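Shown below is the structure under consideration.
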Amino acid sequence: MKFYRNLQPFKVISFDLDDTLYDNHDVIRHAVSRFVQFTEALSQCPTFETEWLNWKDRIAQENPLLSEDVTKWREEALRQFLKAKGKNVAEIDRTLSHAMEEFLHWRHQIDVPQASLKVLNQLKTHYKLCAITNGNVDPLRIGLSQFDLILRAGEHGRAKPHEDLFHKTARYFNVSPLEILHVGDNLTTDVQGAIQAGCQAVWINLSDKHLVDFLQATLLPTLEINHLTELLWL
């Protein structure tokens, strides 16, 4: 555990989800693969993956705010792709419904480590807990019932590092931003976002690198840990 700033008293601990409480890399890779295979067969478009990714990039460029809601972004990209392929409204709605159901099913095939569950369960006896994510995971679907509040980017406000979700957390629990300790793996979305919003930030460093190795790190976290269990020492 390394301290970069003085830790102030806190009442709420907010958590990023993906790659903070569990490893998300293989999960999202597999979910995208299943989504592509399923939709390619359903739409009968053998070049679906390449063309759809182009549409996804295009939608993000045309509507950056929409892309902060990763579910709506995926839906709109697929809708525009199918429309460009000459599909009618009924075909588009049917494909969208089944393809998104397929993606979200595999998106939630996550094995949360027992260590993460134990840490959350112990912290819940002393603090209010909140999930703040830029992703589209529903914590309840993966067995995380410890959170008093769940906020997802797009659905509930601007994506991190914007201050929206941090300030919404403060208002919900009737605390000052400084009384929120945010835990996350990303030095931009989590650390920079939390600090700029007036919160405190824990960077969980799951790599073998040092803070100075990350060129995107523009603001120091309050402290750095290498394992969630270190939160129990605070």
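Of His98, Ser43, Ala31, which is farthest along the charge dipole of region 30-104 in the positive direction, counting Lys and Arg as +1 and Asp and Glu as -1 at C-beta?
Result: Ser43.
Compute the distance in nm between two label points, each set 7 Å from the Cα along the Cα-to-Cβ direction, one at Ser176 and one at Asp23.
The answer from the label model is 4.1 nm.
What does the extension gain come out to for Cys45 and Val112, with contour length at 0.36 nm per residue minus their alpha carbon separation?
Taking 0.36 nm per residue and subtracting the Cα distance, the gain is 20.6 nm.
When the accessible area of the chain is split by element with a 1.4 Å probe, what percent falls to carbon and sulfur?
Solvent-exposed carbon and sulfur of the chain make up 50 percent of the total.
About the Cα centre of region 118-159, what is the dipole size in debye to 20, counting +1 per Lys and Arg Cβ and -1 per Asp and Glu Cβ, all else neutral?
Its charge dipole is roughly 100 debye.
Also: If the only charges are +1 at each Lys and Arg Cβ and -1 at each Asp and Glu Cβ, what is the size of the charge dipole of the chain around the Cα centre, to the nearest 20 debye?
It works out to roughly 440 debye.
Continuing with this model, one more query. Report ³J(HN,Hα) in whole Hz for each residue of region 43-49, in order, from the Karplus equation J = 6.51 cos²θ - 1.76 cosθ + 1.60 where θ = phi - 60°; Gly and Pro get x.
Per-residue couplings from phi come out as 8, 6, 10, x, 10, 4, 4 Hz.
Moving on. Along Cα→Cβ, 7 Å out, is where each label goes; now give me the distance between the ones at Glu91 and Asp213 in nm to one decimal.
Going by the 7 Å Cα→Cβ label model, 5.0 nm.
Beta carbons within 10 angstrom, averaged per residue: use that to sort the peptides 162-174, 188-200, highest first.
The densest-packed peptide leads the list: 188-200, 162-174.
Another question about this same structure. What list of ³J(HN,Hα) couplings, whole Hz, do you get for region 139-145 from phi and the Karplus terms 6.51, -1.76, 1.60, once you set θ to phi - 60° and write x for glycine and proline?
Running phi through 6.51 cos²θ - 1.76 cosθ + 1.60 with θ = phi - 60° gives x, 5, 6, 10, x, 9, 10 Hz.
With θ taken as phi - 60° and the coefficients 6.51, -1.76 and 1.60, list the Karplus ³J(HN,Hα) couplings across region 163-175 in order, rounded to whole Hz; mark glycine and proline as x.
7, 3, 5, 5, 6, 5, 4, 4, 5, 4, 8, 6, 10
Hey, with R₀ at 41 Å, roughly what FRET efficiency would His156 and Lys83 work out to, going by the Cβ-Cβ distance, to 0.05?
0.90
If you don't mind, another one. Report the label-to-label distance for Lys2 and Gln122 in nanometres (one decimal), using points 7 Å from each Cα along the Cα→Cβ vector.
The two pseudo-label positions are separated by 2.4 nm.
Keeping all protein chains in place, calculate the accessible area per residue for region 60-141 (probe 1.4 angstrom), answer in Å².
54 Å²
How high is the relative contact order of region 59-207, given as a whole-number percent (alpha carbon pairs under 8 Å, six or more residues apart)?
Computed over region 59-207, the figure is 17 percent.
Once you have the alpha carbon radius of gyration of the chain, what is it after dividing by 2.2 N^0.38 Å, with N set to its residue count?
1.10
The values are calculated or read from the model by the stated rules, or taken from the named source; none is laboratory data. As the structure is a prediction and not an experimental result, all values here were calculated from the model. Note: ideal-geometry Cβ built from the backbone for every residue, glycine included; neighbour counts use all protein chains shown. With ligands, DNA and RNA removed, areas are computed over all heavy atoms of the protein, side chains included. Shrake-Rupley method; radii C 1.70, N 1.55, O 1.52, S 1.80 Å.
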